[in-house]
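Derivation of every value follows stated rules applied to the coordinates shown; laboratory data play no part. Just so we're clear, the structure is a prediction, and the values are computed from it rather than from any experiment. As a convention, Cβ positions derive from the backbone with ideal geometry for all residues, glycine included, and neighbour counts pool all protein chains shown.
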Amino acid sequence: MFNLRPFTLLLVLASATPTLAQKPVKLKYAPDDPQHIYDAVEQPAVPRGGPAAYAEYLQSHQKYPTAALRANQEGTVLVTFVVERTGSVGAVEVKQPVAPLLDAEAIRVIKAGPKWMPAHQQGKTVRQRVTVPVSFVLAPGSGEVIEVPAPGASNPDQPLPPGAVASAPGTTSVVGTAANGAAIIRPEKSAQPVGGNVAFFTWLAANQKYPELARKRHMQAKVPVEFTVQPDGSLTDVRVVQKHGSGMDEEAVRLIKAAPKWEPATYQGKPIKQKMTLPVIFQL
């Protein structure tokens, strides 16, 4: 045992030598720089309240640009930004663009968001680069399905989804048939509001009576509403596709029922009825 002491000391000295030699190099590493931005860390940055609450924030505070709605623009914008050591968000930019209006709105909603819990690396608060998807989704089926009654049909109001057996083989405009034999087709000219979509959404905003309960709860939403534009331009068969509650569903239905007539869809030069799905936007 007496002879082991010099050997043990030699090991300690040998292991200490490279550590002393590396000290000047460690001082030059980027992670020691307080301004360094990490992409991966031991403890990543997280939004205050958790990811689910942040996702709800993005959905409820998103303002779908009217022009983008009119142009049927949708998609997922990837936004990258830096969570600072204070938890604030900076250097916000689009990593994967979709459309200029949607890109700009994605940046706005991220910048206006709550602070984050900052990232930590080796026990220290550090800056981290984060990427978040901001999705813009239109209600499905807008302007897709119309129905032309079959000759002699007494009840042409039972359409099947597009993709059913074609009622006229070789006719490209026909996409399916109803249970009673009526043809489900794409119109030559789709139904549209008189004055255009901008005028229609402006009318909705001007005539909306924000539900008091939704206002008290600070609720905002895009309520998708399905309706039928009849050959005379009237709007019927109004129903909410996805309910949000707090009085918003009822107000959305009231608005569509009270809305001005549309220009009906046409097929072979004649007005026909067309089903539409559009969002009624509630925004404080």
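Taking all pairs of different Cα atoms in the stretch 182-284, averaging 1/r and flipping that mean, what Kirkwood radius in angstroms comes out?
Kirkwood hydrodynamic radius for the stretch 182-284: 14.3 Å.
Rg/Rh for the stretch 31-136 to two decimals, with Rh computed the Kirkwood way over all alpha-carbon pairs.
1.03
Treat the count of other C-beta atoms within 10 Å as a stand-in for reagent exposure and order Y64, Y210 from fewest to most.
Ranked by crowding around the Cβ, least crowded first: Y210, Y64.
Please report the net charge: other residues with Cβ closer than 13 Å to the Cβ of V223, K and R +1, D and E -1. Numbers along the way, then the final one.
Numbers: positive: K222, R239, K243, R254; negative: E226, D249, E250, E251.
Taking every Cβ under 13 Å from that of V223, the sum is 0.
Taking a 20 Å limit on the Cα-Cα distance, which of the listed pairs K209/K257; K63/K209; K209/K273; K209/K243 fall beyond it? Please report the intermediate quantities before stating the final value.
On the way: K209/K257 14 Å; K63/K209 18 Å; K209/K273 29 Å; K209/K243 17 Å.
In this structure, K209/K273 lie more than 20 Å apart at Cα.
Excluding E56 itself, calculate the net charge of residues whose Cβ lies under 15 Å from the Cβ of E56, where each Lys or Arg counts +1 and each Asp or Glu counts -1.
+3
May I ask for the net charge around I107, where only other residues with Cβ less than 15 Å from the Cβ of I107 are counted and Lys, Arg are +1 while Asp, Glu are -1?
That sum, taken over residues with Cβ under 15 Å, equals +1.
Tell me which of V253, F200, G269 sits at the most positive position along the dipole axis of the stretch 187-282, charges placed on C-beta atoms (Lys, Arg +1; Asp, Glu -1).
Farthest along the dipole direction, towards plus: V253.
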